[in-house]
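Colleague: This is the structure I have questions about; it appears just below.
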Amino acid sequence: NLLRGSNRNRPVNVILHGGEPLLPGYCNLKEHIEALESLLGDWLIGWSIQTSLVGLTRQIIELLAEHNFRVGTSYDNFRFQRHPNLLEHWGRQVALLREAGFVPGVSWTPGRGDDPQAIAEALMSLGFFTVQVDRCIGPDCPSNAEHAQLLQQMYEVQRKIGFVFGVIEAAKTVLKGHSADRWGTKCRQNAYV
(Lines give C-alpha, C1' and ligand atoms only; values in the text may rest on other atoms or scores of the structure.)
Protein backbone atom coordinates (compact mmCIF):
# COMPACT_ATOMS: atom_id res chain seq x y z
CA ASN A 1 0.00 0.00 0.00
CA LEU A 2 2.87 2.35 0.78
CA LEU A 3 4.02 2.43 -2.86
CA ARG A 4 0.68 2.19 -4.66
CA GLY A 5 0.46 4.87 -7.32
CA SER A 6 4.15 5.74 -7.02
CA ASN A 7 6.36 6.13 -10.06
CA ARG A 8 8.76 3.18 -10.43
CA ASN A 9 11.23 5.39 -12.28
CA ARG A 10 11.79 7.42 -9.14
CA PRO A 11 13.69 5.89 -6.24
CA VAL A 12 12.04 4.97 -2.99
CA ASN A 13 14.06 6.92 -0.43
CA VAL A 14 14.69 4.96 2.74
CA ILE A 15 16.12 6.94 5.66
CA LEU A 16 17.41 5.09 8.71
CA HIS A 17 17.21 7.46 11.65
CA GLY A 18 17.29 7.47 15.44
CA GLY A 19 17.42 6.69 18.20
CA GLU A 20 20.71 5.46 16.83
CA PRO A 21 20.41 3.13 13.82
CA LEU A 22 23.92 1.67 14.19
CA LEU A 23 23.59 0.54 17.82
CA PRO A 24 21.97 -2.83 17.00
CA GLY A 25 25.11 -3.72 15.03
CA TYR A 26 26.12 -5.04 11.64
CA CYS A 27 24.02 -8.22 11.54
CA ASN A 28 20.83 -6.41 12.52
CA LEU A 29 21.44 -3.59 10.03
CA LYS A 30 22.20 -6.06 7.21
CA GLU A 31 19.07 -8.05 8.03
CA HIS A 32 16.87 -4.93 7.90
CA ILE A 33 18.41 -3.74 4.62
CA GLU A 34 17.86 -7.16 3.04
CA ALA A 35 14.28 -7.34 4.33
CA LEU A 36 13.46 -3.93 2.84
CA GLU A 37 15.10 -4.87 -0.46
CA SER A 38 13.06 -8.05 -0.55
CA LEU A 39 9.88 -6.16 0.24
CA LEU A 40 10.54 -3.50 -2.41
CA GLY A 41 11.52 -6.03 -5.10
CA ASP A 42 12.60 -4.29 -8.29
CA TRP A 43 12.03 -0.75 -6.99
CA LEU A 44 15.07 1.52 -7.12
CA ILE A 45 16.08 2.34 -3.54
CA GLY A 46 17.89 5.48 -2.40
CA TRP A 47 19.44 4.71 0.98
CA SER A 48 20.31 7.32 3.63
CA ILE A 49 21.27 7.08 7.27
CA GLN A 50 21.41 9.77 9.97
CA THR A 51 23.71 8.65 12.77
CA SER A 52 25.84 9.89 15.63
CA LEU A 53 28.38 7.28 14.36
CA VAL A 54 28.28 5.41 17.65
CA GLY A 55 28.81 1.78 16.73
CA LEU A 56 30.33 2.50 13.31
CA THR A 57 32.73 -0.26 12.24
CA ARG A 58 34.64 -1.01 9.04
CA GLN A 59 32.20 -3.86 8.41
CA ILE A 60 29.25 -1.45 8.64
CA ILE A 61 31.06 1.03 6.38
CA GLU A 62 31.44 -1.75 3.76
CA LEU A 63 27.72 -2.54 4.06
CA LEU A 64 26.81 1.14 3.63
CA ALA A 65 29.11 1.39 0.59
CA GLU A 66 27.66 -1.78 -0.94
CA HIS A 67 24.19 -0.20 -0.86
CA ASN A 68 25.32 3.32 -1.86
CA PHE A 69 24.15 4.96 1.34
CA ARG A 70 24.29 8.70 1.84
CA VAL A 71 25.49 9.35 5.39
CA GLY A 72 24.53 12.23 7.65
CA THR A 73 25.90 12.65 11.14
CA SER A 74 25.06 14.83 14.09
CA TYR A 75 27.38 17.21 15.89
CA ASP A 76 26.08 16.71 19.44
CA ASN A 77 27.68 19.64 21.24
CA PHE A 78 25.88 18.98 24.53
CA ARG A 79 27.42 15.47 24.67
CA PHE A 80 30.86 16.64 23.50
CA GLN A 81 30.99 19.32 26.21
CA ARG A 82 30.20 16.77 28.92
CA HIS A 83 32.53 14.12 27.49
CA PRO A 84 35.37 15.71 25.45
CA ASN A 85 36.75 12.28 24.47
CA LEU A 86 33.53 11.70 22.48
CA LEU A 87 34.41 14.55 20.10
CA GLU A 88 37.77 12.92 19.39
CA HIS A 89 36.06 9.56 18.84
CA TRP A 90 33.46 11.16 16.56
CA GLY A 91 36.27 12.79 14.55
CA ARG A 92 37.94 9.39 14.08
CA GLN A 93 34.64 7.89 12.91
CA VAL A 94 34.19 10.74 10.41
CA ALA A 95 37.75 10.10 9.15
CA LEU A 96 36.93 6.38 8.67
CA LEU A 97 33.93 7.30 6.54
CA ARG A 98 35.98 9.69 4.43
CA GLU A 99 38.75 7.11 3.94
CA ALA A 100 36.09 4.80 2.49
CA GLY A 101 34.99 7.48 0.01
CA PHE A 102 31.96 8.86 1.85
CA VAL A 103 31.30 12.59 2.06
CA PRO A 104 29.22 12.79 5.24
CA GLY A 105 26.91 15.70 5.85
CA VAL A 106 26.63 17.11 9.34
CA SER A 107 23.75 18.64 11.30
CA TRP A 108 23.76 20.52 14.59
CA THR A 109 20.88 21.24 16.93
CA PRO A 110 21.89 24.31 18.96
CA GLY A 111 21.34 24.25 22.69
CA ARG A 112 21.29 27.01 25.27
CA GLY A 113 24.74 28.55 25.60
CA ASP A 114 26.17 27.07 22.39
CA ASP A 115 28.74 29.35 20.76
CA PRO A 116 28.49 29.32 16.94
CA GLN A 117 32.13 30.44 16.59
CA ALA A 118 33.34 27.49 18.69
CA ILE A 119 31.07 25.10 16.79
CA ALA A 120 32.37 26.38 13.44
CA GLU A 121 36.00 26.09 14.56
CA ALA A 122 35.52 22.56 15.90
CA LEU A 123 33.81 21.42 12.70
CA MET A 124 36.39 23.09 10.47
CA SER A 125 39.16 21.33 12.39
CA LEU A 126 37.47 18.07 11.34
CA GLY A 127 37.17 19.04 7.68
CA PHE A 128 33.60 20.32 7.63
CA PHE A 129 32.91 23.72 6.10
CA THR A 130 29.14 23.72 6.37
CA VAL A 131 26.56 22.44 8.86
CA GLN A 132 22.79 22.01 8.58
CA VAL A 133 21.22 23.72 11.58
CA ASP A 134 18.11 22.10 13.04
CA ARG A 135 15.81 23.57 15.66
CA CYS A 136 15.64 22.16 19.15
CA ILE A 137 12.17 21.90 20.68
CA GLY A 138 11.71 21.21 24.39
CA PRO A 139 12.30 22.59 27.87
CA ASP A 140 16.13 22.70 27.65
CA CYS A 141 16.22 24.30 24.21
CA PRO A 142 16.64 27.97 23.32
CA SER A 143 13.48 30.07 23.24
CA ASN A 144 12.48 31.68 19.94
CA ALA A 145 14.22 34.91 21.03
CA GLU A 146 17.40 33.05 22.04
CA HIS A 147 17.30 31.03 18.84
CA ALA A 148 16.92 34.20 16.78
CA GLN A 149 20.00 35.61 18.55
CA LEU A 150 21.91 32.40 17.73
CA LEU A 151 20.93 32.76 14.07
CA GLN A 152 22.33 36.31 14.10
CA GLN A 153 25.57 35.06 15.71
CA MET A 154 25.80 32.35 13.04
CA TYR A 155 25.46 34.99 10.34
CA GLU A 156 28.32 37.01 11.88
CA VAL A 157 30.58 33.93 12.11
CA GLN A 158 29.73 32.99 8.53
CA ARG A 159 30.59 36.51 7.36
CA LYS A 160 33.90 36.54 9.29
CA ILE A 161 35.36 33.10 8.58
CA GLY A 162 33.35 31.71 5.67
CA PHE A 163 31.94 28.72 7.52
CA VAL A 164 28.41 28.08 6.24
CA PHE A 165 25.48 27.53 8.60
CA GLY A 166 22.51 26.07 6.70
CA VAL A 167 19.79 27.78 8.68
CA ILE A 168 16.73 27.55 6.43
CA GLU A 169 14.96 24.87 8.51
CA ALA A 170 15.95 26.48 11.80
CA ALA A 171 14.76 29.91 10.64
CA LYS A 172 11.45 28.53 9.36
CA THR A 173 10.96 26.90 12.73
CA VAL A 174 11.43 30.14 14.64
CA LEU A 175 8.77 31.69 12.39
CA LYS A 176 6.36 28.75 12.57
CA GLY A 177 6.98 27.76 16.19
CA HIS A 178 7.39 24.01 15.62
CA SER A 179 10.22 21.64 14.82
CA ALA A 180 11.99 21.53 11.47
CA ASP A 181 10.47 19.75 8.49
CA ARG A 182 13.13 17.06 8.23
CA TRP A 183 12.88 15.52 11.68
CA GLY A 184 9.86 17.17 13.15
CA THR A 185 6.22 17.80 12.46
CA LYS A 186 6.01 16.89 8.76
CA CYS A 187 8.26 13.86 9.27
CA ARG A 188 5.99 12.52 11.99
CA GLN A 189 2.80 13.27 10.03
CA ASN A 190 3.75 12.42 6.46
CA ALA A 191 6.49 9.80 6.61
CA TYR A 192 6.75 6.21 7.68
CA VAL A 193 9.41 6.07 10.40
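The values are calculated or read from the model by the stated rules, or taken from the named source; none is laboratory data. All values reported here derive from a predicted model rather than from experimental measurement. Glycine also receives a Cβ, built like all others from the backbone with ideal geometry; neighbour counts cover every protein chain displayed. Surface accessibility is based on the protein's heavy atoms, side chains included, excluding ligands, DNA and RNA. Shrake-Rupley method; radii C 1.70, N 1.55, O 1.52, S 1.80 Å.
Colleague: Taking the convex hull of the Cα atoms, report for the range 33-159 its projected area averaged over all directions, in nm². Before the final figure, lay out the partial values.
Modeller: Values: hull surface 38.3 nm².
Quarter of the Cα hull surface area: 9.6 nm².
Colleague: In nanometres, what is the gap between the two model label sites at ALA118 and GLU66, each 7 Å from Cα along Cα-to-Cβ?
Modeller: Once both label points are built, they end up 4.2 nm from each other.
Colleague: What is the list of residues in the range 39-60 whose amide nitrogen lies under 15 Å from a point 7 angstrom out from the Cα of TYR26, following Cα to Cβ?
Modeller: 55-60
Colleague: Check which residues have an amide H placed less than 5 Å from VAL164's amide H, if you skip close sequence neighbours.
Modeller: Answer set, sorted by chain and number: THR130, VAL131.
Colleague: Looking at the range 71-166, which trypsin sites (Lys or Arg not before Pro) are DSSP coil and have at most 15 other C-beta atoms within 10 Å of their C-beta? Walk me through the numbers on the way to the answer.
Modeller: Details: sites: ARG79, ARG82, ARG92, ARG98, ARG112, ARG135, ARG159, LYS160; in loops: ARG112, ARG135.
Passing sites in the range 71-166 are ARG112.
Colleague: Stretched out fully, how many nm does the piece from ILE45 to ASN144 gain, at 0.36 nm a residue minus the Cα gap?
Modeller: Values: separation 99, 0.36 × 99 = 35.64 nm, distance 3.78 nm.
Stretched out fully, the ILE45 to ASN144 stretch lengthens by 31.9 nm.
Colleague: At a 1.4 Å probe, what is the % contribution of carbon and sulfur to the accessible area of the range 23-128?
Modeller: Details: 2950 of 5520 Å².
Roughly 53 percent of what the probe reaches on the range 23-128 is carbon or sulfur.
Colleague: Here is a follow-up. What FRET efficiency would be calculated for the residue pair GLU37, HIS89, taking the C-beta separation as r and a Förster radius of 30 Å, to the nearest 0.05?
Modeller: Numbers: r = 31 Å, r/R0 = 1.04.
The calculated FRET efficiency here is 0.45.
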